[in-house]
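J.: If you scroll down you'll find the structure; I have some questions about it.
The values are calculated or read from the model by the stated rules, or taken from the named source; none is laboratory data. Keep in mind it's a predicted model, so treat the numbers as computed, not measured. All Cβ positions, glycine included, derive from the backbone under ideal geometry; neighbour counts span all protein chains shown.
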Amino acid sequence: MQSVEGAITLVQEGRFAVVADGGRVMRFLLAHDASLEPQDLPFLKRDQRLVRVDYTESSRLVAHVAHTLRVAEGISPERIEQ
């Protein structure tokens, strides 16, 4: 499983986008057994919380599949925005 840290910038139902280091945008779809529910995503976006997403790549989707989301600790927002 891979992981990325960044800020959630877009949320629509169970889909969301994260801006990671260097401005790279990654798109995700929550897995059916994800660590949180789709209704939790807007709060993370609104609060501009930095998150760590553990995900797998899918050959059949245009987005990665997010399995675990948690608030990232020890990351400064300035590092993400560079």
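J.: Pick from ALA31, ALA72: which is modelled with pLDDT under 90, of a type in the set (A, V, I, L, M) and surrounded by 14 or more Cβ atoms within 10 Å (Cβ to Cβ)?
T.: ALA72
J.: Also: Restricting to region 37-66, count the residues that are among the polar types (S, T, N, Q) and modelled with pLDDT under 90. Step through it out loud before you land on a result.
T.: So the first thing to find is which residues in region 37-66 are among the polar types (S, T, N, Q), and the list is 39, 48, 56, 58-59.
Filter once more, so that each one left must be modelled with pLDDT under 90: 48, 58-59.
The total comes to 3.
J.: Kindly list, by first and then second residue, each pair from a residue in region 31-46 that is part of a helix (DSSP H, G or I) to a residue that is of a type in the set (A, V, I, L, M) and surrounded by 10 or more Cβ atoms within 10 Å (Cβ to Cβ), limited to pairs with Cβ atoms under 7 Å and residues at least 6 apart or on different chains.
T.: PRO38/LEU30; LEU41/ILE8; LEU41/VAL11; PRO42/VAL11; LEU44/ILE8; LEU44/VAL51; LYS45/ILE8; LYS45/VAL11
J.: State the number of residues belonging to region 3-19 that are of a type in the set (A, V, I, L, M, F, W, C) and either assigned to a helix (DSSP H, G or I) or surrounded by fewer than 15 Cβ atoms within 10 Å (Cβ to Cβ) (or both).
T.: Qualifying residue count for the region: 1.
J.: When only residues in region 47-63 that are more than 16 Å from GLU13 (Cβ to Cβ) and free of Cβ contacts under 8 Å to residues at least 40 places away in the same chain count, which is surrounded by the most Cβ atoms within 10 Å (Cβ to Cβ)? Spell out the reasoning first.
T.: So the first thing to find is which residues in region 47-63 are more than 16 Å from GLU13 (Cβ to Cβ), and the list is 47-60.
Filter again for free of Cβ contacts under 8 Å to residues at least 40 places away in the same chain, leaving 47, 58-60.
Working: ASP47: 10, SER58: 12, SER59: 4, ARG60: 5.
Filtering region 47-63 for residues that are more than 16 Å from GLU13 (Cβ to Cβ) and free of Cβ contacts under 8 Å to residues at least 40 places away in the same chain, the one surrounded by the most Cβ atoms within 10 Å (Cβ to Cβ) comes out as SER58.
J.: Cβ-Cβ below 7 Å, separation at least six or inter-chain, first residue in region 13-25 and at positive phi, second surrounded by 13 or more Cβ atoms within 10 Å (Cβ to Cβ) and at pLDDT below 95: which pairs?
T.: From residues that are at positive phi, the pairs are GLU13/PRO38.
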